[in-house]
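The values are calculated or read from the model by the stated rules, or taken from the named source; none is laboratory data. No experiment lies behind these values; they were computed from the predicted model shown. Positions of Cβ are backbone-derived with ideal geometry, glycine not excepted, and every protein chain shown enters the neighbour counts. Keep in mind that these areas ignore ligands, DNA and RNA; they rest on the heavy atoms of the full protein, side chains included. Shrake-Rupley method; radii C 1.70, N 1.55, O 1.52, S 1.80 Å.
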Amino acid sequence: RMPYAMTLNAGTAGVRGGLTTAGTGGSLLTVDINQGGASILSTKLTFDATETETVNAATPVVIGTTALTDNAEITVDIDTADSGGVAAGLKIILIGDLT
């Protein structure tokens, strides 16, 4: 749950992902972030093969909804798993300003 209302920064300045162990498969790890059951991302967060962060991903994240509301339920879905099966330790960072 969001502890307070927040406006996310745009793109990778607003949403970033990290892994403890990078994936190795041909399918990229793809992650979606939802507020109240609806995606806040127009282009989902992707981890390129062998990468542990999303800032320099070939396909950058695009945030469709920047307004996160106080007490909103925030969920993270793994839409596509690393086909190598080794990606581990997912962390999501939301960056913005209090509203």
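The table below lists the values:
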item: Amide H contacts of GLY96 (H built 1.01 Å from N, under 5 Å, at least 5 apart or other chain); result: ASN9
item: Neighbourhood charge, 13 Å Cβ-Cβ cut-off, centred on GLY37 and excluding it, Lys, Arg +1 and Asp, Glu -1; result: -3
item: Under 18 Å from the ALA67 label point (7 Å along Cα→beta-carbon), backbone N, the stretch 2-35; result: 2-11, 34-35
item: DSSP-assigned coil residues among GluC sites (Glu not before Pro) in the chain, each with at most 13 further Cβ atoms within 10 Å; result: GLU73
item: Listed residues ILE78, ILE33, ILE63, most fluctuating in the chain (Gaussian network, C-alpha, under 10 Å); result: ILE78
item: Long-range tail of P(r) for the chain (Cα pairs > 20 Å, %); result: 33
item: Accessible area of the chain belonging to carbon and sulfur atoms, whole % at 1.4 Å probe; result: 51
item: Inter-label distance, nm, simple model (7 Å from Cα along the C-beta direction), GLN35/ALA81; result: 3.0
